[in-house]
Amino acid sequence: MKLIIAFIQPYKLEEVRDAVKAAGASGMSVVGILGFGQQSGQTEHYRGAEYEVDFVPKSRIEILADDDLADGLVHAIESTAHTGSIGDGK
């Protein structure tokens, strides 16, 4: 058995769910999290005021998979969640 943990952009969650189901996953757990990496937060504007957002919202996915399915599931997550920009996740 392998535990697959992935951090993805929240708007990619439904696409990733469909991809891992097609790759043979029988289920997955999802948690909304906050964090930062290379992008180190971002500047937002609200009602004319500028403020720094130190943490960016992400979705953490956990899948417990049989050894023979693990590589296919990782590939499905990587190919579906990848956008090519900073913040794609791990």
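Miscellaneous remarks
- Distance between the 7 Å Cα→Cβ label points at Leu64 and Glu78: 2.5 nm.
- Rough spin-label spacing in nm, given labels placed 7 Å along Cα→Cβ, for Lys2 and Glu50: 4.5
- Karplus 3J(HN,Hα) series, Hz, for segment 4-17 with 6.51 cos²θ - 1.76 cosθ + 1.60 (x for Gly, Pro): 9, 10, 9, 10, 10, 5, x, 6, 8, 4, 5, 5, 5, 4
Read-outs: derived from the displayed coordinates by stated rules, not from any lab. The structure displayed is predicted, hence computed values, not measured ones. Cβ sites come from the backbone with ideal geometry, for glycine too, and all protein chains shown count toward neighbours.
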